[in-house]
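What follows is one structure encoded as C-alpha cells, with my remarks underneath.
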Amino acid sequence: MKLSRLIAMAFASAALTVGAATQPVAAADNPYERGPNPTNSSIEASRGPFAVSTKTISSLSARGFGGGTIYYPTSTSEGTFGVVAVSPGYTAGQSTISWLGPRIASQGFVVITIDTNSRFDQPGSRGNQLLAALDQTIADTTVRGRIDASRQAVMGHSMGGGGTLEAAKSRRSLEATIGMTPWNLDKSWPEVEAASLEIGAQNDSVAPPRSHAIPFYESLTNAERRAYLELRGASHFAPNTSNTTIAKYSIAWLKRYVDDDTRYEQFITPGPTPSISSGVSAYRID
C-alpha cells in the first residue's frame, strides 16, 4: 500500500479516536523524500540538486528494447530512488527525448531513455519495451543499488505516450505515467490504476488533444489521480526539445506519485492557470 494512503488512514483513525489529544496528528516522515524543499525556480531549472552520471545500454545488450541511456544520481547519501523509463515516438529515436534524462535524474530519479526495437513500433509494443527497460535498469549492476524497485514510472512521446498507458494496463503496480502529446487508437483506459498525467498540445495536428490526450484523461476513471495539461500554441513535437513547462509538471507529478512527496502538491493543485505567461492553454485535475 502506498505511503500516502497509509498516512491518510492514520489521520482518519486518529480523528475517530475517542479522547484523542487535541494536538494535530503529525504524519510520519516520508522515507522517499529526496532533495531540498522545492520552489518554482528549482523545478523549472535545467538541472536539479543531484549530480548525474550516465551509462549506455547498447542495442546488443538490451533485452526487449532497442538500447538506451541510464541517467542516475551520483550520490547515494539520501538513499535509493524511483526509476523512470522514457520512450520516443513513432519513427523517432532516443535523441528526441534524451533531454529529459538528466533533467529528471537530477531531481532524484534513475531514468532510462530508450530506443525502440523498430522506429515503427506501435503503442502496445512500446509499452512492453518500457517495462523491459525498467526491468533491465533495476537489474543493472551499476545502478541496482540506487533503485527502489517498488517505485516505477513510465513516460513517452506520441506513440510512446500511448505506450505508457499500455504499460500501466499490463503492470498495475506502476506508480505513475506521463504521456506527452500521446497517440493511441485505444481511447479508453479504465484498467489503469497509476496516477496519470496527459500532456496535450493546443496546435497538435498529428495527435489532436480532442482525439487522443483528452479522451485518455477522461477514461482514466480508476487511476489514483489523473490530470490533463495542454501546452499553449504548441505542436505535436513540443516534447522533442527542452521544454520548461513539460519538465516542471512532469517532475512535480513524479515527485508526488513516485516519491509520495506532498511538498510537490502545490504545483499540481490547483495547478497552472491557463494564460499566455504560463504557456498553458488548459488544465484539469481530479
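What follows is calculated from the coordinates using simple rules that are stated; it is not laboratory data. If you're wondering where the values come from, they're calculated on a predicted model, not measured in any experiment. Reconstructed Cβ throughout: ideal geometry from the backbone, glycine too, with neighbour counts over all protein chains shown.
Among 243-255, 211-223, 140-152, the peptide with the highest mean count of other Cβ atoms within 10 Å heads the list, and the full ranking is 243-255, 211-223, 140-152. Close amide H pairs (under 5 Å, H built 1.01 Å from N) link Arg226 with Ser196, Asp286, residues at least 5 positions away or on another chain.
Taking amide hydrogens as placed 1.01 Å from N in the peptide plane, the amide H of Ile147 sits under 5 Å from those of Phe81, each at least 5 positions away in sequence or on another chain.
For the chain, the Cα-based Rg and Dmax, in that order, read 18.3, 64 Å.
Here the dipole of segment 49-285 is about 220 debye; that uses its Cα centre as origin and unit charges on the Cβ of Lys and Arg (positive) and Asp and Glu (negative). Computed from backbone phi, the HN-Hα couplings of segment 186-192 come to 6, 9, 10, 10, x, 6, 6 Hz, rounded to whole numbers (Karplus: 6.51 cos²θ - 1.76 cosθ + 1.60, θ = phi - 60°; Gly and Pro given as x).
Using the per-residue mean of other Cβ atoms lying within 10 Å as a proxy for protection, in what order, highest first, do the peptides 92-105, 123-136 fall?
Details: 92-105: 20.9, 123-136: 24.0.
Per-residue Cβ counts within 10 Å, averaged per peptide and sorted highest first, yield 123-136, 92-105.
Extension gain, Thr244 to Ser211: 0.36 nm times the residue separation minus the Cα-Cα distance gives 9.4 nm.
For the chain, the number of Lys pairs separated by eight or more positions or lying on different chains, with C-alpha atoms closer than 26 Å, is 8. Using θ = phi - 60° in the Karplus curve 6.51 cos²θ - 1.76 cosθ + 1.60, the 3J(HN,Hα) couplings for segment 200-207 round to x, 10, 4, 10, 6, 9, 8, 10 Hz; x is entered for Gly and Pro.
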